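Here's the structure, in structure tokens; my notes come after.
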Amino acid sequence: PPLAGLTVAAPFDEGLGHKGVDYRAEPGEAVFAAADGTVSEAGWEGVYGYRVVLDHGDGFQTLYAHCRELAVAVGDAVAAGQRIASAGAAGPCLHFEVRLNGEPVEPPAFSFEEAEGSAPQPGAGTPNLVKDESSSTLIED
């Protein structure tokens, strides 16, 4: 997951135009890549503030916004669980989106698998996004 602990502050709600999930995060808390990928965007963008977009291939991307500082640059290859930013520029939260072909999709619709070297998760393995090659969803491997 993008943070060591996940507490939802604002859920995905397409009806209200909130097309991501806001997780509670202390200012300066480390933000981790949810899956292996390449940094396709990194910098300032309007309501997102400082944000990172990772391209995971096959049309999947993840976006991490409201960051205080960025630890990666466009073109960097990142591994699942690698620190990519620090949270907390817009208060105690991190905005996280999963996108399929550029469109935000509800993250709970996706499954995760444990990945070595990923973000610390007390008492449990840490998930990594994995695409089901027979469909347009992510599944457990």
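What to note about this one:
- Filter pass, Gly123 being at pLDDT below 90, in contact with a strand residue (DSSP E or B) (Cβ under 8 Å, 6 or more places away or on another chain) and surrounded by fewer than 13 Cβ atoms within 10 Å (Cβ to Cβ): no
- Annotation note: Cβ proximity below 6 Å between a residue of the range 41-70 that is among the acidic types (Asp, Glu) and a residue that is buried (at least 18 other Cβ atoms within 10 Å of the Cβ) (sequence gap 6+ or interchain) occurs for Glu41/Val53; Glu45/Arg51; Asp55/Gly37; Asp55/Gln61; Asp58/Lys131; Glu69/Ser86.
- Boolean, Ala35 is modelled with pLDDT of 80 or more and touching a Cys at 6+ places or on another chain (Cβ under 9 Å): no
- Thr38 meets each of the listed conditions (1) surrounded by 17 or more Cβ atoms within 10 Å (Cβ to Cβ); (2) more than 15 Å from Pro104 (Cα to Cα); (3) free of Cβ contacts under 8 Å to residues at least 60 places away in the same chain; (4) not acidic (Asp, Glu) apart from (1).
- Subset tally (residues that are open to solvent by 40 Å² or more (accessible area, probe 1.4 Å) and over 11 Å from Ala85 (Cβ atoms)) for the range 50-60: 3
- Condition met for Phe96 (among the hydrophobic types (A, V, I, L, M, F, W, C) and modelled with pLDDT under 80): no
- Hey, Val47 open to solvent by 40 Å² or more (accessible area, probe 1.4 Å), of a type in the set (A, V, I, L, M, F, W, C) and at pLDDT below 95 or not: yes
The values are calculated or read from the model by the stated rules, or taken from the named source; none is laboratory data. Treat the numbers as computed from the prediction; the structure is a model and nothing was measured. All Cβ positions, glycine included, derive from the backbone under ideal geometry; neighbour counts span all protein chains shown. Accessible surface areas use protein heavy atoms only, side chains included; no ligands, DNA or RNA. Shrake-Rupley method; radii C 1.70, N 1.55, O 1.52, S 1.80 Å.
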